[in-house]
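Written out below as structure tokens is the structure these notes cover.
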Amino acid sequence: MRLTASFVACVAVVGGLGNVGCGGSEPCPVAPAPPPVASAPPPAPPPPPVASAAPPPAPTPPPPPPNPMAADEATAVSFAGDVAKALTNVLATEETAIPAAWANRVGAPSEAFKKAFNKLLPDGKGDLVATLLDVGAVTPPPGVRAEVQAKLIVLADGRVRFSTIAGRDGKTVDANPTPNLGVGEPAVATMLGDFLNHLATGPCQVPYLSAEELLSLPAPVRGELGADIPTTAAACEIIRAHKDAAWGPVLEAAVVLLKHADAYVAIAAHFHSDSATGKIVLQPVDVAPVAGKSMELSWASEGPPPQKGKPAAPAAAPAPAPAAAPAPAPAAAPAKK
């Protein structure tokens with residue numbers, strides 16, 4: 001009895017769950033499985049970013065044209081460096097103070113030179129600013145003679161520049177080539193020949209100090225180192241009018257500019273040819289403060305060096321020809337006594 005009641009109760013419960021008609025030996029119908037829910041397809045990956053076209057590479061600037069005067073500029077730097085070292089150490093007692101190239105080729109300074117040197121450079125030292133070389137060329141006789149003179153500037157950092165180039169021809173030309181320059185200083189003689197050939201056959205141009213370079217130099221020396229372009233152009237006309245002449249190189253003078261404390265000092269010297277040895281001799285001439293006046297050195301004769309104890313007297317400068325640069329002034333102003 002308890003089993004039958006339990007069975008009826010079970011059927012009632014099952015029927016209450018919605019399976020009415022399922023009983024006895026009839027199998028209960030199986031509800032169909034719900035259709036699968038269609039899942040949304042995965043989103044397509046975003047398209048790859050369109051690579052922007054790479055900018056074309058910047059054009060490579062063309063290499064600078066070769067400098068036809070590069071070897072000559074290197075000669076000028078080396079030569080000017082030796083001259084500057086020799087003049088700034090001319091009173092030193094050490095044998096190695098003078099460059100080997102100038103051993104026994106630096107003249108004895110006068111007493112006036114020593115006095116001025118010790119007054120303006122008491123410790124014998126100074127910072128090199130520039131070395132100026134008075135150079136040029138002249139045609140030998142016979143015929144109408146011509147002369148070119150220039151100031152070659154070698155700055156302390158090795159830059160090679162020129163100031164005004166002046167030229168003249170006619171009866172006023174009385175300069176002579178520096179004797180034995182090709183033997184005593186062959187590299188310098190070649191440099192001057194190349195320089196003249198450049199002006200005779202190429203453009204009438206040499207490297208000058210730019211406005212920025214001039215402003216970077218001390219004010220007292222700026223006027224000395226600038227270039228007069230019309231005068232240089234007139235010199236080129238004279239050179240080309242005599243381009244078939246046999247030009248002889250001239251190495252005349254040197255000025256070494258030093259900064260000592262807050263002042264600027266110039267050491268001046270002339271070049272001479274020693275007739276006995278054929279070598280070029282560097283003769284100290286003067287030491288003077290730089291005060292904005294011209295430091296031009298006149299074209300001295302090739303006579304003997306000044307007598308000991310007497311300051312060198314600059315040779316008279318020849319009168320200028322039309323369209324040429326004014327005659328150079330004497331060397332730096334003598335030091336105050």
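Exactly one condition in (1) assigned to a loop (DSSP other than H, G, I, E, B); (2) open to solvent by 60 Å² or more (accessible area, probe 1.4 Å) is false for ALA92; which is it?
Tallying (1) assigned to a loop (DSSP other than H, G, I, E, B); (2) open to solvent by 60 Å² or more (accessible area, probe 1.4 Å), ALA92 fails exactly one: (2).
Being polar (S, T, N, Q) and modelled with pLDDT of 80 or more is the filter here; which residues of the range 35-66 pass it?
THR60
Considering only residues that are in contact (Cβ under 8 Å) with a residue 40 or more places away in the chain and not in a helix (DSSP H, G or I), look in the range 61-83 and name the one that is surrounded by the most Cβ atoms within 10 Å (Cβ to Cβ).
Per the criteria, the residue is MET69.
Hey, GLY15 hits all of (1) out of contact with any helix residue (DSSP H, G or I) (no Cβ under 6 Å at 6 or more places or on another chain); (2) assigned to a helix (DSSP H, G or I); (3) modelled with pLDDT of 80 or more but one; which does it fall short on?
(3) is the only condition that GLY15 fails.
I need the full set of residues from the range 274-292 which are under 31 Å from the mean Cα position of the chain (by Cα), open to solvent by 10 Å² or more (accessible area, probe 1.4 Å) and either over 19 Å from THR131 (Cβ atoms) or of a type outside the set (D, E, K, R) (or both), in order please. Write out each step before concluding.
We begin by selecting, within the range 274-292, every residue under 31 Å from the mean Cα position of the chain (by Cα); these are 279-292.
Then keep just the ones that are open to solvent by 10 Å² or more (accessible area, probe 1.4 Å); that gives 279, 281, 283, 285-286, 289-292.
Of everything in the range 274-292, those that are under 31 Å from the mean Cα position of the chain (by Cα), open to solvent by 10 Å² or more (accessible area, probe 1.4 Å) and either over 19 Å from THR131 (Cβ atoms) or of a type outside the set (D, E, K, R) (or both) turn out to be LYS279, VAL281, GLN283, VAL285, PRO289, VAL290, ALA291, GLY292.
The values are calculated or read from the model by the stated rules, or taken from the named source; none is laboratory data. Quantities reported herein were computed from a predicted structural model and do not represent experimental measurements. Heads up, the Cβs are rebuilt from the backbone with ideal geometry, glycines too, and the neighbour counts pull from every protein chain shown. All accessible areas refer to the heavy atoms of the entire protein, side chains included, with ligands and DNA or RNA removed. Shrake-Rupley method; radii C 1.70, N 1.55, O 1.52, S 1.80 Å.
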